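Trainee: Below you'll find the structure I mean.
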Amino acid sequence: MKKLVFVGVLISFLYSCNSTNKVEEKNKLLVKIQQNEKKLYNDSLMELDVTIADSTVNLYTKFANEYPDDTSSAEYLFRAAEICKSLNKGKLSLSYYERLEKNYPKFPKMPVCIFMQGFVCENHLKDFENAKYNYQRFIDNYPKHPLVHDTKILIENLGKSPEELIKSFQEKENINKSQNN
């Protein structure tokens, strides 16, 4: 009986040590994230430091993987997506937005996540079919969102070259002028 009690106490002790180590590891990771965030932008030009940005994305991902139930995980994935977008890593950015939608559907920034899926498909991947699909999902799911009007215009102009856009705007302007005369 004494051996059984001793084993129980030993297991309890080891478990509590492991829990303490987990908290320490999490805190160390949070400190690294905060340190990186302070160095993300070059002080003089406010340009994104690519090396720090990549490291920060890796830290955000590590945190979300190790602590998926933590309230910060969704925000860190969102930030990772934004950084990847800024670094022109469209596929990676898109994967973070999709992961957010799949794993954190109640995330307060979900409308932006869906809109950004369309934006990344359009501007980074030149995948106009999926851009339209995601823009339309955004409109359908959030019809009262302030970006809906702009999103409809984006859909109308998907895939158009700058020259085509200028010509289209000029034609609309000419129509408006003739209607006003």
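Trainee: As a test of the formula, what do you get for the chain when each DSSP H run with n ≥ 4 contributes -39,500 (n - 2.57) and the sum is divided by the residue count, at 222 nm and rounded to the nearest 500 deg cm²/dmol? Could the numbers behind the result be given before it?
Mentor: On the way: 8 runs with 141 residues, N = 181.
Taken over the chain, the calculation gives -26500 deg cm²/dmol.
Trainee: How far apart, in nanometres, would the label points at MET46 and ASN58 be if each is projected 7 angstrom from Cα along the Cα-to-Cβ direction?
Mentor: 2.9
Trainee: Ok, one more. Let me know the volume per residue of the alpha-carbon convex hull for the chain, in Å³. Let's see the in-between values first.
Mentor: Details: hull volume 30.2 nm³, N = 181.
Normalising the Cα hull of the chain by residue number yields 167 Å³.
Trainee: Can you give me the long-range amide H partners of TYR41? Hydrogens built in the peptide plane at 1.01 Å from N, cutoff under 5 Å, separation of 5 or more residues or another chain.
Mentor: The list, which skips near neighbours in sequence, is ASP49.
Trainee: Right, next: Students often check this: by mean Cβ neighbours within 10 Å, which of 155-166, 63-74 ranks highest, and how do the rest follow?
Mentor: 63-74, 155-166
Trainee: Less than 28 Å apart at the alpha-carbon level, and either on another chain or at least 8 residues along: which lysines does that give for LYS172?
Mentor: Counting by Cα, and skipping residues close in sequence, LYS172 has these lysines nearby: LYS126, LYS132, LYS144, LYS152, LYS160.
Trainee: Lysines near LYS22 by alpha-carbon distance under 21 Å, same-chain residues fewer than 8 away left out - which ones?
Mentor: List returned: LYS32, LYS62.
Trainee: Stokes-Einstein at 25 °C, 0.890 mPa s, Kirkwood radius from Cα pairs: D for segment 94-181 in µm² s⁻¹? Don't jump to the answer; show the numbers that get you there.
Mentor: Values: Rh = 14.3 Å.
Value of D from the Cα-based Kirkwood radius: 172 µm²/s.
Trainee: Give me the percent relative contact order of the chain, please, defined on Cα pairs under 8 angstrom at least 6 residues apart.
Mentor: Working: 141 pairs, mean separation 18.1, N = 181.
Reported relative contact order: 10 percent.
Trainee: Between LYS32 and SER72, how high is the FRET efficiency from 1/(1 + (r/R0)^6) when r is the Cβ-Cβ distance and R₀ = 22 Å? Nearest 0.05. The partial results should precede the final answer.
Mentor: On the way: r = 13 Å, r/R0 = 0.61.
Efficiency computed from Cβ-Cβ geometry: 0.95.
Trainee: Once you list every other residue whose beta carbon is under 14 Å from the beta carbon of GLU164, what net charge do they have if Lys and Arg are +1 and Asp and Glu are -1? It would help to have the intermediate numbers written out before the result.
Mentor: Numbers: positive: LYS160, LYS167, LYS172; negative: GLU156, GLU163, GLU171.
In short, 0.
Trainee: Rounding to the nearest 20 debye, state how big the charge dipole of the chain is about its Cα centre with +1 on each Lys and Arg Cβ and -1 on each Asp and Glu Cβ.
Mentor: Details: 26 positive and 24 negative charges, 144 e Å.
For the chain, the charge dipole is close to 700 debye.
Where a number appears in this text, it was derived from the coordinates with a stated rule and is not lab data. All values derive from a computational prediction rather than experimental measurement. Please note: Cβ atoms are built from the backbone with ideal geometry, for glycine as well, and neighbour counts cover all protein chains shown.
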